[in-house]
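The values are calculated or read from the model by the stated rules, or taken from the named source; none is laboratory data. Since the model is a prediction, treat every value here as computed from it, not as a measurement. Every residue, glycine among them, receives a Cβ derived from its backbone with ideal geometry; neighbour counts consider all protein chains shown. The protein model used for the area step is the full one, side chains on, heavy atoms only, and it has no ligands, DNA or RNA in it. Shrake-Rupley method; radii C 1.70, N 1.55, O 1.52, S 1.80 Å.
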Amino acid sequence: MDKFTSSFFVISAVFLTAIFIFTGCSGDQQTDRVEWAVALHGGAGTISQDLPDSVRQQYYDGLEQAVRTGQIVLREGGSALDAVEQVVKNLEDNPLFNAGRGSVFTSEGTHELDAAIMDGSTMEAGALTGLTTVKNPVSLARIVMEQSNHIFFSGQGAEQYADQTDVQRVENDHFFTQNRYEQWQRAQEQSHLYSDTYRSIYESVNADKFGTVGAVALDMNGNLAAATSTGGMTNKQFGRVGDVPIIGSGTFANHVAAVSATGWGEKIMQQVSANTIANLVEFGGYSLQEAVDYLLEERLQPDEAGFIAVDSEGNIVMNMNTPGMFRGSIDSRGNKEVKIWIEE
Ligand code: ASP
């Protein structure tokens, strides 16, 4: 082989190896990248480990079904916004969870529902508090976001806004469930016993468990969204507004992260929790996991809250400082989780 031919072979070999390494790497990155992800919660709190097997199974089934709802939207190329709305709607219709049907009782023995949704790609949001006749508050929140000049409607005004739309309406007792009724009765007895401080109300609620449902998602276009919906806290007083519909407290999404909270609303609000988590990631150099853990460990007290969050790379975090949180998630790589307690 002459000198020219051998250098030709050497150069070709180097060139081919470079192409191989390059395409090999980018191929791996392609499969490693999370294209879409969704996480959801059905409330955090003290969830008894003695749940009868059949009830336990109902919760797992409900969470599985909600996870599947999100998966179907996202893997077909649907938006993060559609995914979080559909997941939350599914959980609102499930009487096991404290949102929509199955909402807790106010101190007056009625149901007042709160919800919010936020599109991380536009930072647009819609929120409602004190709804009494809207079957799926999350869908009305989306209509507020997309069609109204405002972001947040309350009480009678929220109902009036609903009148101008075609959202499905129900009687207030549509939200009734026997379990929640009994829970409210217990809360009433206990708050009379321990005087009417908020702590005692909280403790009596948390002794059962409290609720709220939420979802966060990343779609194939890299957009993030969050939605949360709740009946609030058992025995809450007239006109009480929790963290859920307060944009940045219980619900937040931007281009960095989407977060939905559950737990003691007043405490979550004081820390502007969902926005703080996103800010720690954007400005503080925290990973999503570190940001959520910082809130749970440093800013909130044990037994106060749980968060689900997803970032723009599809990292999912679901963590709480309560003994349990109904939760589930799935991503495009097939990582799936459905859990209730910390240790499972
Ligand atoms: N955070 C909700 C509220 O305070 C309650 C909950 O998540 O259980 O209204």
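State the number of residues belonging to region 119-145 that are within 16 Å of the ligand (Cβ to nearest atom) and open to solvent by less than 30 Å² (accessible area, probe 1.4 Å).
Total satisfying the criteria: 8.
Taking region 222-239, which residues are assigned to a loop (DSSP other than H, G, I, E, B) and either near the ligand (Cβ under 8 Å from one of its atoms) or crowded, with 24+ Cβ neighbours inside 10 Å (or both)?
Scanning region 222-239 gives G231, G232, M233, T234, N235.
Is at least one residue of region 296-304 at pLDDT 95 or above, in contact with a Ser or Thr (Cβ under 9 Å, 6 or more places away or on another chain) and of a type in the set (K, R)?
yes
Mind checking which pairs have a first residue in region 43-58 that is modelled with pLDDT under 85 and a second that is within 16 Å of the ligand (Cβ to nearest atom) and in a strand (DSSP E or B), Cβ under 6 Å, 6 or more apart or different chains?
I47/G324; I47/I340
If we only count strands (runs of 3 or more DSSP E) wholly inside region 251-327, which ones have 1 or more residues that are away from the ligand (no atom under 14 Å from the Cβ) and farther than 26 Å from M145 by Cα?
By residue number, 316-320.
How many residues does region 240-254 contain that are hydrophobic (A, V, I, L, M, F, W, C) and open to solvent by 10 Å² or more (accessible area, probe 1.4 Å)?
Residues in region 240-254 being hydrophobic (A, V, I, L, M, F, W, C) and open to solvent by 10 Å² or more (accessible area, probe 1.4 Å): 4 in total.
Among what's in region 208-221 and is within 12 Å of the ligand (Cβ to nearest atom) and of a type outside the set (F, W, Y), pick the residue that is modelled with the lowest pLDDT.
Ranking the candidates gives K209 first.
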